[in-house]
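Asks: Submitted below is the structure of interest, expressed as C-alpha cells.
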Amino acid sequence: MKHLLIYGPKQRSRQEILLKELSTYFDADGGRLNAMIFAPTRRKVAELKSQILSYFEGKCWIPEVMTFSHFMESHYGEVLGDRQLLSSYARLLVINHLLREGQFGYLEKAQLSYGLSQKISEVLGHLQGSLLVDEARNELIHQLTAESPEKARTVELLDQAYHRFLAEHRLADENVLNVELLLKWQKDRYLIKSPRPPLKGEQFAKVLVLDEFAFFTELEKSVFHALVPSFEKIILTLPAPLEDWRAFKTHKAYESIQSIVDWLRVYNWEERKTVSEPDNLPDMVAERLFHNQPFARIPAEVDETDFRLIAAPNRREEVRTIARLIRHSLPLPSNGKIVADLRKFVVVCPDLTIYKSLIEEIFGEYRLPVKISRGCLLQQIPFIALLKKILTCVLTERWTRADLFDIFSSAWIDFAPEISVDEIVDLTREELAADFSPEAFDIHHIDHLARAAGVPEDFSLNPWFGRIKSYLERNNIKSPAPFDKGEEDIEDERIARTKDLAQVAFDLLTIQHFIQQTKILTEAQSAFEFRDAFFQFMELMFFSKFDSCTNEETASRLTNLTSGRLEGWKDESTSARRKETYIGQSQIRIPKSEAYLQLIQIVNEMVKTFRALGSTGSHRAQDYIEYITMVISSTELSEEAEKQRMRQFAESENENAVQVISPLETGGLSFENLFIVGLVEGEYPSGPIANFLISPDESEPLPIATLDPLPQERFLFQQMIGNAQRVVLTYPKMAYGKELVPSPFVEDVRTLFEFPEIDRANEIAPLNDAERAILFSEQEVLKKMGELNNIAGSEHLKVPYPNLQTQLKMEQAREQLDDFSIYDGHLHDKHAADIRRGCESTAFFYSVSQLDDYAQCPMKFFFKYILALEDLEEAEAEIAPDAKGRLVHKILERFGEIQKKEKVEIEEAHALMPIIAQDETQRYEGQFDDLYWEEEKRMLISRLTKLDEPKGILKAFLETEFEPEKEFLNGNFRPTHFEYHFGRFQEGIPQSFALQIPREKGKPPIRIRGIIDRVDIDEENQRFAVYDYKTGGYANVKKIEKGISFQLPVYLQAVARQENPKRPAAGAYYVLKRVKEVGKKGYLGVWDALNDEYKYKKDGGIKKPPSGFYFEEDFQRLEEFVIENIKSIDEYIRSGKFNPSIWEEKDALCQWCRYKFICRYNASRQLNMKARDKHYHPKGFVI
C-alpha cells in the first residue's frame, strides 16, 4: 500500500484533506479512530483533538494524539528497569558534581554556575540525540569545539564521565532512554498497544499520522522509521512550497524541511497537493517571502489592513498599539464587559521574558484578559512563593526585616507558638503584671516599631528588643509630663510601660520561635530525613490554611502521585511514623492544589537524586534546600495546575482571552488575527547559540549547521503569515535609551513593497486617524486632555470614570508653567501648618543630608522624610553601597582611635591595619553572596599582608596617610577626632546645639546636628581640617556654589564654633571608592592655609587659588551664602513647598534616586519654572 503525503502551503487545506482521509479509519460501532497521531506541539495536539471530535460530531472517543516527547515518555518503563530517571534539574546536579570532582582540561578553571551546567547538558544531549558513534561522533565533537583539540578532548572527557556515572549509579536520563527504546524497536518490531476501552477483535491502530511535522531531529527520524512497519499506512501532512515538495531548495523559507524530505524519499508515496491561490495580502506576502524568484512589488499605500507593519517608539507603545488595534476591532462593551471571542486574537512573542509583564499590565489597562502560554512559573503560586522566601532565608541564614514582614503578613502562615512567661521575663528583665495577657501577634505593629527604632536589618532577638526598648523610653522622656501627677498615676504609667515591653517581647519571641522551627530543615542528615522534616514543616506552617481531605482521599492522592515517597517510608522507622501522621489519621489537612502535588513530586525527585549521589560524597541540608529553591524558581506549572490556576479567575473560566504564545508553539496552526511583536535583530531571529567552550575573547559562534536556529525561525515566520487572515508585525525603535535595529525579517518584508519617496518610516498600513481617535482607557483620556490643555467642557465627556475631573485637573496643573500647585508638592495651608509646628518644636533638628536632599530635590525630601516611603526590596548583584561604607568607616574609626592616642609610625600602621580589617570583615562573613563578598574583600584588604598581591583600598589609604606626595595644607595636622558629633542628645536631654541659625523674631533657631568622620588639628597654627570618608560619589565645589551641597561648609562652621578659637583651614572628601582614586578630593578651604607653592609664584606674585580655596573675605561671603540658603530651605519646608527639582537631572541626581519611578520630573517644564518665585532656587555664589 502506498502511504499518503498531503502537502501545500495552506494549513487549513491540509487539515481538511487529513480529516476526510481519517474518516476511512473510523470505527462507528466502537466510536474509535484506529489511528496513532503525532503533532509537533502541545497546542497543536489540543487543537487537533478538538477538530477530530468536531468532525465526527462527538461520536468518537478522545483520539490518541500526542507529541513525540510524550510518546517516548510513555514507553520509558519498558527499558528503565531498576534505574532512576533523572529530570533536567537532577541532570544539572550530576554535571555540577562531575565538574567539582573531576578534571576536564579546558574547564578546570571555569567558574561553576547554573548556566554553565545548562550549556554542558545541552551539548551532551545534542551528542546523544545525534545517534552518531565512533568516527562520526568524534567528527561532530570537533565541529562543536571549533576544531580545537583541547576543547574536543574536554567534551570527550565530559561525555565519558557523565555516562560512566549514570551506569555506576543506576541512573538514566531521557536521552539515554530514547536511544535504548530506538534500539529495542529496531531489533523487535514496535508492538501497538490495545486501545482503551478495548475494541472487538484485533482492531488496533492501523494508520500512523504525522501531522504538520516540518523538521525532524535525527532521533525522530530514526524512531518513525522504526514505527512504520507496525502500521498499514502512514499519512503525513507537510508544509511545502506550492510548486512541489521536492522544490524546497528554490525557496529559502522551506530550507529547514530538508531532513523530513530525506526521510520521505525512503518510502513510496501517494501525493495529495492542496491547490490554493493567494486570496488575501498575507497569502501574497507569504508566497513571495524568502522566495528566490523576483516578484513585482506591492504598493505600500494599499487601503487594506489585512497586512500591517508598524514601528513603535518603544516596547510599551508597541504593546499599547496592539491592545488598541484589538479593542478597535471588537464591538462596544455591554454593561462594562467585552462580549466577543478573544481567542481569535493571537500575539506571538519571540521573548516572553521581555514582554510578559508589559502585556499583562497594558492589556489589563485596556480590559483585555490574556492567557500567556507556558509563562506561569510554579513560584508564582502564592504559597509556593512564600515557601521559597522562607527556604531562601534558611539557606542564607539571614532573616531581614522585609523578609519577616512578607512572611508574617501572608494569609498562608498560621503560626502561634506557646510562649511562656519565663521567656518574656528573661528578655525584658522585668517582672510582669499579674493581669498581663499578650495580644495576638501583629507583624505590622512590630515592623513599625522596628523601623522607627532603627533596628539592624537582620533579625537578632536581643539587639532588636534593646533598640525598640530604647526607642520607647526616648519617646516617653521627650513627652512633656504635667507637674500634678500623683504616685498612683506614676505607678499606672510604669505598669503600662511594662506591658508594652512585654508585648514587644512576645512578638519578637514569636518570630524567634518561627526561625527556630525552620531549623528542623537544616538538621536533616539525609535526603530522607530532609523530606520528612520538610513535610512536617509544611504541616505546621501551612496546612491549617488548606481544605480538609479524608484519609482515603489523602492516601489515594499521595499514592497516585508517586510510589517513591511511600516506599521510602518502608526503610526507616522515622519515615514510618511520618507515614502514620499523613495517612493514619481520620481527618488531616492536605491542600487540594495541583501546585502542591507538583511540589511533592519535586521533593521526591530530590530524594531519589541525592540517594543516587549519596555514595560519592556527603551532602548537607543546604544542598537539598538549594535544589528545591532552584527547581521551583524555574519550573513551569503543570497543565493540571495551570488549569486550576485559571479557574480561580472568573474572567478566564472559559479561557476567553487573548492568546500569547511563542513562535515554536505556532507550528501547524492557523490564525484569524495574528500579531507578531519584538521583531528586533538578535531577538527574532535569535542570535547564534553560545558555545560554553568558547572563551570571552573568542567571538566565533558554534559552526555546526544543525544548531543554527535561523532556518527553523524563517520557516515558522513564513508559515505564521501564510496561515493568518490578518497580520500585524510590530517592532520597537528604542529600548533602554538605545536605538534598536529591526529584524532582518522586517527588511525582507519591506523589499516586497513599494513605498512612496516621502515615506521615511516605511510602515505598511500604520494606525489611521479613525483608529487613533477612539479612547479606550483612562490613561488615554488623560493623555488626550493633557494635549488639549483645556479642561473646559470636559464634564460633557461620556466616560465611565467618576474621578476623571480631579485627574484632569491634576494633569493640567502639572503641565502649566505659571506656578507649582498642590499636585506638584506645594501643600495646602492646613498640612503646611502641621509641618511648621513640627519644624519649630524644641526637639526638632536638621541633618546635613536632609538639607542636601531638599536642595537637590524638594520632592525627594517630601517622599523620604515627610511621607517616610520605604525602598522597594531589590536583589543586589553586589555588596550594598551602605554596607560597604559602614565597613570601611568602622575599620578607619578603629585605626584612627589608635592614631589619636599615640603617634603611629608607618611600619606599625602597616602591621595594625590587617588585624583591624580582618576583625571587622569577620562580622560580615556569611551575610553576602560568596563570590561578590570575596571580591569586595579582596579589593579592600589586598596587599596588606602579601606584597605580591595587587594593591587594595586600605593599602592605598596607608600610603596616602604616611607617604603623601603633595599636601595642599600648610602645617602639622594630626588626626585628633573620629566620629566627631555636634548637637547630639545625651540620656534623652538635648544639649545646646553646636550649629544654630536664628529664625525670625519669636521663633526658635534652626538646629543642625551631624557626625563628622574625622577632624585633623594643627595645634601650632590653631587650625583644623575636616574629612568625610566616601566609598561612593561626592559633591564638588561647584555644587556648593550653586547652593545644592552643604556638607563641608556646615561641618567647618560646626567645628569652628565648638573648637573656638581654632580656625577652619579646609574640608575635603577622603575618597575610598577605587584604588586609583584614594585620596583627599573636593577641597573647600581658605587661601591662607595653603602651602606656599600653591599661594605664590616664583616671582613672588600671588597665584590664583586652586579650585575650592578662597581668600578670607570671599570665604566669609561663601559662609554667609550657605547660611542664607539654609534659612531659605527651612522657610520653604515650613511652608510646605515640595516641588520636583528645578535642577538638571545630573545635579538632582535623578539617575540614582530611589523615587524616580513615582516622581513626575519634567526637564523642560522645570527649566521654565526656575525663574518663578515660591520655591528654592538660589542665584549662585559669585566671587
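The values are calculated or read from the model by the stated rules, or taken from the named source; none is laboratory data. Source: prediction; values computed, not measured. Don't worry about glycine lacking a Cβ; one is built from the backbone with ideal geometry, like all the others, and counts go over all protein chains shown.
Asks: Which residue pairs have Cβ atoms closer than 8 Å, lie 6 or more positions apart in sequence or on different chains, and pair a first residue in the range 92-121 that is farther than 21 Å from A172 by Cα and in the same structural domain as P149 (by TED's automatic domain parsing) with a second residue that is modelled with pLDDT of 55 or more and of a type in the set (D, E)?
Replies: Once the first residue is farther than 21 Å from A172 by Cα and in the same structural domain as P149 (by TED's automatic domain parsing) and sits in the range 92-121, its partners that are modelled with pLDDT of 55 or more and of a type in the set (D, E) give G105/E150; Y106/E150.
Asks: Of the residues that sit in the range 327-358 and are assigned to a strand (DSSP E or B) and at pLDDT 90 or above, which one is surrounded by the fewest Cβ atoms within 10 Å (Cβ to Cβ)? Lay out the reasoning, then the answer.
Replies: If we filter the range 327-358 for residues that are assigned to a strand (DSSP E or B), which is where we start, we get 334, 337, 345-348.
With the extra rule that they be at pLDDT 90 or above, the set shrinks to 345-348.
Working: F345: 24, V346: 22, V347: 24, V348: 24.
Per the stated criteria, the residue is V346.
Asks: Looking at I419, I446, I407 in this structure, which one is in contact (Cβ under 8 Å) with a residue 12 or more places away in the chain and within 22 Å of I632 (Cβ to Cβ)?
Replies: Values: I419 fails: within 22 Å of I632 (Cβ to Cβ); I446 fails: within 22 Å of I632 (Cβ to Cβ).
Only one candidate qualifies: I407.
Asks: Same structure, new question: Only one of R374, R324, R401 is modelled with pLDDT of 85 or more, among the charged types (D, E, K, R) and more than 30 Å from Q517 (Cβ to Cβ); which?
Replies: Working: R374 fails: modelled with pLDDT of 85 or more; R401 fails: more than 30 Å from Q517 (Cβ to Cβ).
None of the other options fit; the residue is R324.
Here is a yes/no grid of residues against (1) on the phi > 0 side of the Ramachandran plot; (2) buried (at least 18 other Cβ atoms within 10 Å of the Cβ); (3) out of contact with any Cys (no Cβ under 7 Å at 6 or more places or on another chain):
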{"residue": "L4", "(1), (2), (3)": "no, yes, yes"}
{"residue": "K10", "(1), (2), (3)": "no, yes, yes"}
{"residue": "Q15", "(1), (2), (3)": "no, yes, yes"}
{"residue": "L18", "(1), (2), (3)": "no, yes, yes"}
{"residue": "E21", "(1), (2), (3)": "no, yes, yes"}
{"residue": "D27", "(1), (2), (3)": "no, no, yes"}
{"residue": "L33", "(1), (2), (3)": "no, yes, no"}
{"residue": "I37", "(1), (2), (3)": "no, yes, yes"}
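Asks: Continuing with the same structure: Checking A385 against (1) at pLDDT 85 or above; (2) surrounded by 15 or more Cβ atoms within 10 Å (Cβ to Cβ); (3) not in a loop (DSSP other than H, G, I, E, B), only one condition comes out false. Which one?
Replies: Of everything listed in (1) at pLDDT 85 or above; (2) surrounded by 15 or more Cβ atoms within 10 Å (Cβ to Cβ); (3) not in a loop (DSSP other than H, G, I, E, B), A385 misses just condition (1).
Asks: With the requirement that a residue be touching a helix residue (DSSP H, G or I) at 6+ places or on another chain (Cβ under 8 Å), within 20 Å of E967 (Cα to Cα), of a type in the set (A, V, I, L, M, F, W, C) and not in a strand (DSSP E or B), what does the range 1081-1120 give you?
Replies: W1087, F1111
Asks: Still on this structure, please answer the following. Of the conditions (1) farther than 24 Å from Q712 by Cα; (2) among the charged types (D, E, K, R); (3) modelled with pLDDT of 85 or more, E277 fails just one. Which one is it?
Replies: Every listed condition holds for E277 apart from (3).
Asks: When residues of the range 1077-1123 are filtered for being free of Cβ contacts under 8 Å to residues at least 40 places away in the same chain and not aromatic (F, W, Y), how many remain?
Replies: Counting residues in the range 1077-1123 that are free of Cβ contacts under 8 Å to residues at least 40 places away in the same chain and not aromatic (F, W, Y) gives 18.
Asks: Report yes if E1020 is outside the structural domain of S942 (by TED's automatic domain parsing), among the acidic types (D, E), more than 20 Å from R886 (Cα to Cα) and within 44 Å of the chain's Cα centre (by Cα), otherwise no. I'd like the intermediate steps shown before the answer.
Replies: Working: outside the structural domain of S942 (by TED's automatic domain parsing): yes; among the acidic types (D, E): yes; more than 20 Å from R886 (Cα to Cα): yes; within 44 Å of the chain's Cα centre (by Cα): no.
Considered against the rule, which asks whether it is outside the structural domain of S942 (by TED's automatic domain parsing), among the acidic types (D, E), more than 20 Å from R886 (Cα to Cα) and within 44 Å of the chain's Cα centre (by Cα), E1020 comes out as no.
Asks: Could I ask something else about it? State which residue is surrounded by the fewest Cβ atoms within 10 Å (Cβ to Cβ) when the search covers only the range 395-420 and only residues that are within 19 Å of the chain's Cα centre (by Cα) and of a type in the set (D, E).
Replies: The qualifying residue surrounded by the fewest Cβ atoms within 10 Å (Cβ to Cβ) is D406.
Asks: Considering the range 1125-1183 alone, what residues qualify as being modelled with pLDDT under 80 and acidic (D, E)?
Replies: Within the range 1125-1183, E1144, E1145, D1147, D1173 qualify.
Asks: Name the pairs whose Cβ atoms lie under 6 Å apart, with the first residue in the range 1023-1036 and in contact (Cβ under 8 Å) with a residue 60 or more places away in the chain and surrounded by 23 or more Cβ atoms within 10 Å (Cβ to Cβ), the second of a type outside the set (G, A, S) and not in a loop (DSSP other than H, G, I, E, B), and 6 or more positions between them or separate chains?
Replies: Filtered contacts from the range 1023-1036: R1023/R1063; A1025/D1016.
A quick yes/no check of all residues on (1) in a strand (DSSP E or B); (2) buried (at least 17 other Cβ atoms within 10 Å of the Cβ); (3) of a type in the set (D, E, K, R); (4) modelled with pLDDT of 90 or more:
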site: R43; (1), (2), (3), (4): no, yes, yes, no
site: E47; (1), (2), (3), (4): no, yes, yes, no
site: E57; (1), (2), (3), (4): no, no, yes, no
site: C60; (1), (2), (3), (4): no, yes, no, no
site: D82; (1), (2), (3), (4): no, no, yes, no
site: Y89; (1), (2), (3), (4): no, yes, no, no
site: L93; (1), (2), (3), (4): no, yes, no, no
site: L98; (1), (2), (3), (4): no, yes, no, no
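Asks: Looking at D1016, is it touching a Ser or Thr at 6+ places or on another chain (Cβ under 9 Å), of a type outside the set (F, W, Y) and part of a strand (DSSP E or B)? Show your work before the answer.
Replies: Details: touching a Ser or Thr at 6+ places or on another chain (Cβ under 9 Å): yes; of a type outside the set (F, W, Y): yes; part of a strand (DSSP E or B): yes.
The answer is yes for D1016.
Asks: Taking the condition more than 24 Å from S74 (Cα to Cα) and either aliphatic (A, V, I, L, M) or touching a strand residue (DSSP E or B) at 6+ places or on another chain (Cβ under 9 Å) (or both), does A28 pass? Give the derivation first.
Replies: Values: more than 24 Å from S74 (Cα to Cα): yes; either aliphatic (A, V, I, L, M) or touching a strand residue (DSSP E or B) at 6+ places or on another chain (Cβ under 9 Å) (or both): yes.
So A28 fits the description; yes.
Asks: Output the number of the condition that D1130 fails; it satisfies all remaining conditions of (1) assigned to a loop (DSSP other than H, G, I, E, B); (2) among the acidic types (D, E); (3) buried (at least 16 other Cβ atoms within 10 Å of the Cβ).
Replies: D1130 satisfies every listed condition except (1).
Asks: Of the numbered conditions (1) over 25 Å from Q725 (Cβ atoms); (2) at pLDDT below 85, E361 satisfies every one except a single condition; which is it?
Replies: Evaluating E361 over (1) over 25 Å from Q725 (Cβ atoms); (2) at pLDDT below 85 leaves (2) as the failure.
Asks: Cβ-Cβ below 7 Å, separation at least six or inter-chain, first residue in the range 44-56 and among the charged types (D, E, K, R), second not in a helix (DSSP H, G or I): which pairs?
Replies: Pairs that qualify, where the first residue is among the charged types (D, E, K, R) and the partner is not in a helix (DSSP H, G or I), are K44/E212; K44/G667; K44/G668; K44/L669; E47/L669; K49/I62; K49/P63; K49/V65.
Yes or no, residue by residue, for (1) touching a strand residue (DSSP E or B) at 6+ places or on another chain (Cβ under 6 Å); (2) under 30 Å from R367 (Cβ atoms); (3) in the same structural domain as D211 (by TED's automatic domain parsing); (4) modelled with pLDDT of 80 or more:
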residue: I628; (1), (2), (3), (4): no, no, no, yes
residue: E653; (1), (2), (3), (4): no, yes, no, no
residue: V658; (1), (2), (3), (4): yes, yes, no, yes
residue: G668; (1), (2), (3), (4): no, no, no, yes
residue: F671; (1), (2), (3), (4): yes, yes, no, yes
residue: F675; (1), (2), (3), (4): yes, yes, no, yes
residue: N691; (1), (2), (3), (4): no, no, no, no
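Asks: Sticking with this one: Which is more than 23 Å from A312 (Cβ to Cβ), modelled with pLDDT of 80 or more and more than 29 Å from the chain's Cα centre (by Cα), of F753, F715? Before you say what the answer is, go through the steps one by one.
Replies: Working: F753 fails: more than 23 Å from A312 (Cβ to Cβ).
Of F753, F715, the one residue that is more than 23 Å from A312 (Cβ to Cβ), modelled with pLDDT of 80 or more and more than 29 Å from the chain's Cα centre (by Cα) is F715.
Asks: To continue, here is another question. Name, by its number, the condition in (1) aromatic (F, W, Y); (2) modelled with pLDDT under 75; (3) closer than 27 Å to E220 by Cβ that does not hold for F71.
Replies: (2)
Asks: Take the residues in the range 7-28 that are in contact (Cβ under 8 Å) with a residue 40 or more places away in the chain and over 46 Å from the mean Cα position of the chain (by Cα); name whichever of them is nearest to I721 (Cα to Cα).
Replies: Result: I17.
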